[in-house]
Each structure stands twice: as structure tokens, then as C-alpha cells.
Amino acid sequence: MAIAAVESSFDVAYWFVDRALNDNEYIQPQKLHRLMYLSQAYFAVAYHGRRLMPALFVADEFGPIEPGVFRACAIQRPPIDPRPMPEAVSHFLDSIWRRFGSHTAEHLNQLVRGHQPYKDALARGERSEIPLKDMIAFYARKNSPVNEAVGAPPVTQVLRPKVMRSQSGKPVSVQKWMPPVKGGGER
């Protein structure tokens, strides 16, 4: 299994909390967990099975949660210094924020509760793990009418391209080339 892109799920949680504060918004815990869940899923799709954070998500009655962050942040933000984000991860999280951050917690709850990986885990019982492989299989579907109907856009519509300048100074969109993985499994 590949090493996660960041050291801790708290790094991602704090990135979203701080980003919301920079936008003069308070981020509700439920919204935070839905954004973290979507981040883990879309990152794994974009990076061929690699985890964004060393975390697992479980099915709660309201939607997916990361139990460690949920428990630690139940009362207040724990005094943990988040690590600096690699630029590519920060760019990725910014794309998730731009796509889903404007939605309310209730909207994101409804959205994600309609997604198959969550529904399958909840059917096994509350607090059942949502396997990363199920997340990848669902969110990797391209142009699926089922995914579009439940608000799960393809990764190409979630991630915004990185803009750089050509030698003549014109803006160009660039994207990291990722070789295909045989069998679609985790790295």
C-alpha cells in the first residue's frame, strides 16, 4: 500500500477549517467530515488508489465520518500543529473546496447519503467501514448517469487544472501525467 500524501487526517481537517475561516465561514463538523470523505475518494481516483490521508471513514446515520477526527474535535480544536501541505495537495484540496465548499452541511449530507459506498456500509450497520476500494469504484465512473443523478461528478469536473505560463507568457493548463494502473487496485 502506498504512503498517504499527508501525515495525518488532522492536516486535512485543519486545512478545511482554516480555509473556511479565511472565507469568513464557520465550518460545521458534519460539513468538515463530508469534505474530508469526498477529498479521500477523489484523491484516490485522481492518484490511482493512493490515499490522501491515513484515515478510514465509517457510516454514521448522518453520513461518513472519520472517527479519530470526530472524537478529537468533539469539544474543540485539539492543540495540534498541522504540517505544511505539499503544493499539489493544497491545490487538490482547493479544488474540492471550490466544488463542494459552498454547499451547506445538510446539502452535503443528502448528497453523500445517496452515494453507493456510504449506502452499502450503512446497510452493514452503523459505524461500518467504507472501504477505499468501494469509494474508488464509485467515484471513478466517468459520465455515469447514476453518478450524475446523485451528485457525484467525475474527477475531471472536480479538479481544476493548474495554470502555468508558457515561455511566451501565455497561460496554459497543466496536469500531472499519471500512468494507468493495471487491475485498478491500490498502489
Check: Which ones in the stretch 100-130 are of a type in the set (S, T, Y), touching a residue at least 24 places away in the same chain (Cβ under 8 Å) and under 14 Å from K31 (Cβ atoms)?
Finding: T104
Note to self: Here's a check for you: in the stretch 93-110, which residue that is in contact with a Phe, Trp or Tyr (Cβ under 8 Å, 6 or more places away or on another chain) and among the hydrophobic types (A, V, I, L, M, F, W, C) is farthest from H48 (Cα to Cα)?
What the structure shows: L108
Checklist line | Search result, residues across the stretch 48-74 that are among the β-branched types (V, I, T) and either closer than 16 Å to E7 by Cα or surrounded by fewer than 22 Cβ atoms within 10 Å (Cβ to Cβ) (or both) | finding: V58, V69
Check: If you go through the stretch 119-130 one residue at a time, do you hit one that is touching a His at 6+ places or on another chain (Cβ under 6 Å), farther than 17 Å from A20 by Cβ and not aromatic (F, W, Y)?
Finding: no
Check: Out of the residues in the stretch 144-167 that are within 25 Å of P54 (Cβ to Cβ) and part of a loop (DSSP other than H, G, I, E, B), which is modelled with the highest pLDDT?
Finding: L159
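Does the stretch 33-49 contain any residue that is free of Cβ contacts under 8 Å to residues at least 12 places away in the same chain and either more than 23 Å from H103 (Cα to Cα) or not in a helix (DSSP H, G or I) (or both)? Break it down into steps so the answer makes sense when it comes.
Residues of the stretch 33-49 free of Cβ contacts under 8 Å to residues at least 12 places away in the same chain: none.
There is no residue in the stretch 33-49 that is free of Cβ contacts under 8 Å to residues at least 12 places away in the same chain and either more than 23 Å from H103 (Cα to Cα) or not in a helix (DSSP H, G or I) (or both).
So how many residues does the stretch 108-140 have that are in contact with a helix residue (DSSP H, G or I) (Cβ under 9 Å, 6 or more places away or on another chain) and surrounded by fewer than 17 Cβ atoms within 10 Å (Cβ to Cβ)? Walk me through how you get there before you give the answer.
Residues of the stretch 108-140 in contact with a helix residue (DSSP H, G or I) (Cβ under 9 Å, 6 or more places away or on another chain): 108-109, 111-122, 127-140.
Among the residues that remain, those that are also surrounded by fewer than 17 Cβ atoms within 10 Å (Cβ to Cβ) are: 114, 119-120, 127-129, 131, 133, 137.
The qualifying residues number 9.
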Notebook entry, point to check: Out of the stretch 50-72, which residues are in a loop (DSSP other than H, G, I, E, B), closer than 20 Å to L93 by Cα and of a type outside the set (A, V, I, L, M)?
Noted result: R50, R51, P54, E66
Check: Taking interchain pairs and intrachain pairs at least six residues apart, which have beta carbon atoms under 8 angstrom, with the first residue in the stretch 1-24 and closer than 20 Å to A55 by Cα and the second outside any loop (DSSP other than H, G, I, E, B) and aromatic (F, W, Y)?
Finding: A5/F43; F16/W97
Checklist line | Whichever residue in the stretch 52-90 is modelled with pLDDT of 90 or more and either touching a Lys or Arg at 6+ places or on another chain (Cβ under 6 Å) or of a type in the set (S, T, N, Q) (or both) and, among such residues, is nearest to Q157 (Cα to Cα) | finding: S90
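The values are calculated or read from the model by the stated rules, or taken from the named source; none is laboratory data. Computed from a predicted structure; not experimentally measured. Every residue, glycine among them, receives a Cβ derived from its backbone with ideal geometry; neighbour counts consider all protein chains shown.
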